Amino acid sequence: MIKIGLLGCGNVGHIIATNAESIQVTAVFDIIPGRAEELAALCHAQPYTDFDAFMQDDFSIVVEAASVDAVRIYGEAVLRSGRDIAVLSAGALADDEFREHLVEVAREMGKKIRIPSGAIIGLDNLKVGQISPPRQLLLRTTKPPASLGMTAEAPTEIFKGLAHECIKQYPKNINVAVALGLAAGRDADVELWVDPAAERNTHEIFVEGDFGDIYVRVRNVPSPGNPATSYMAALSILTLLKNLENPLVVGT
Ligand SMILES: NC(=O)C1=CN([C@@H]2O[C@H](COP(=O)(O)OP(=O)(O)OC[C@H]3O[C@@H](n4cnc5c(N)ncnc54)[C@H](OP(=O)(O)O)[C@@H]3O)[C@@H](O)[C@H]2O)C=CC1
Ligand SMILES: O=C([O-])CC(=O)C(=O)O
């Protein structure tokens with residue numbers, strides 16, 4: 001059974017720790033002591049608020065479900081400790097210099113940085129874009145305004161531009177756009193909308209290239225502990241972990 005260290009004891013951390021059937025969460029880390037202790041008690045793990053002490057525990061992969069900042073602060077140390085890292089806050093990798101450095105460290109250590117599909121569908125075959133670059137790659141995301149901590153009277157576009165700029169303004173809301181771009185091999189265009197009538201987090205993906213054209217719409221149920229985060233993002237991490245040791249690999 002794979003032993004994991006969980007970085008971030010919020011909403012996704014809870015879903016992972018309380019649905020961990022084919023994995024064992026041995027250690028949990030959060031900057032807030034109460035959160036680490038509460039989650040550790042739920043999954044019989046060891047709680048940590050000191051990162052160096054956390055890294056001394058027994059696990060082979062760190063699952064990051066914390067923040068873009070957390071990836072920037074701890075990502076390299078995880079890889080240098082000889083462990084893989086699964087990164088949900090993929091927005092951290094929008095910074096070319098940071099990403100290239102982290103990938104170089106992973107290569108040097110023979111370790112992997114794993115990005116789950118998170119709250120969207122289709123990252124697997126969008127990787128064809130790395131061979132045949134898409135002419136259009138657009139993500140249109142629509143969320144309830146409250147999930148971004150704002151109010152709106154009508155559907156409102158709050159950002160239009162490239163993913164690497166959008167993630168700087170909305171680091172808790174648009175990690176999917178950066179993951180999309182990393183899969184397809186180019187920065188995605190993003191339209192971020194808030195809609196007071198929206199009950200779900202909707203992601204529409206528009207792609208056009210030599211292979212044809214693609215339209216994907218995902219209407220995500222918000223997760224129980226954080227409406228900005230779609231429940232599917234937590235399921236996606238759990239699925240990535242469940243399949244880590246499966247010899248049968250499905251999808252590109
Ligand atoms: N790739 C994708 O498709 C998706 C990615 N995400 C991302 O996944 C991450 C987790 O989401 P979710 O669980 O809902 O978020 P939560 O805010 O519910 O939980 C994150 C937890 O990690 C803690 N944390 C933040 N920074 C650090 C740090 N530097 N060191 C230790 N702990 C830290 C937070 O503390 P505090 O509250 O004090 O900040 C909080 O307890 C978020 O970054 C989110 O944006 C979410 C959905 C989809
Ligand atoms: O969960 C979602 O729908 C998307 C999200 O928050 C993110 O990518 O950061």
Might you check whether a residue that is buried (at least 16 other Cβ atoms within 10 Å of the Cβ), away from ligand 2 (no atom under 15 Å from the Cβ) and modelled with pLDDT of 95 or more occurs anywhere in the range 169-180? no
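One line per residue, one yes/no per condition, for (1) in contact with a Gly (Cβ under 8 Å, 6 or more places away or on another chain); (2) surrounded by fewer than 17 Cβ atoms within 10 Å (Cβ to Cβ):
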residue	(1), (2)
Ile73	no, yes
Arg107	no, yes
Asn125	yes, yes
Leu139	no, no
Ser147	no, no
Met150	no, yes
Selection count where residues are more than 12 Å from ligand 2 (Cβ to nearest atom), of a type in the set (A, V, I, L, M) and in contact with a helix residue (DSSP H, G or I) (Cβ under 9 Å, 6 or more places away or on another chain), scope the range 185-215: 4
Unmet requirement for Ile115, which otherwise passes all of (1) surrounded by 17 or more Cβ atoms within 10 Å (Cβ to Cβ); (2) among the β-branched types (Val, Ile, Thr); (3) more than 15 Å from the chain's Cα centre (by Cα): (3)
Take Asn243 and decide whether it is within 8 Å of ligand 2 (Cβ to nearest atom) and either touching a Lys or Arg at 6+ places or on another chain (Cβ under 9 Å) or without any contact (Cβ under 8 Å) to a residue 24 or more places away in the chain (or both). no
For the range 133-145, state whether one or more residues are modelled with pLDDT under 95 and at negative phi. no
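The values are calculated or read from the model by the stated rules, or taken from the named source; none is laboratory data. Predicted model, so just to flag it, every value in this text is computed and none were measured. No Cβ is skipped: glycine too gets one built from the backbone with ideal geometry, and neighbour counts run over all protein chains shown.
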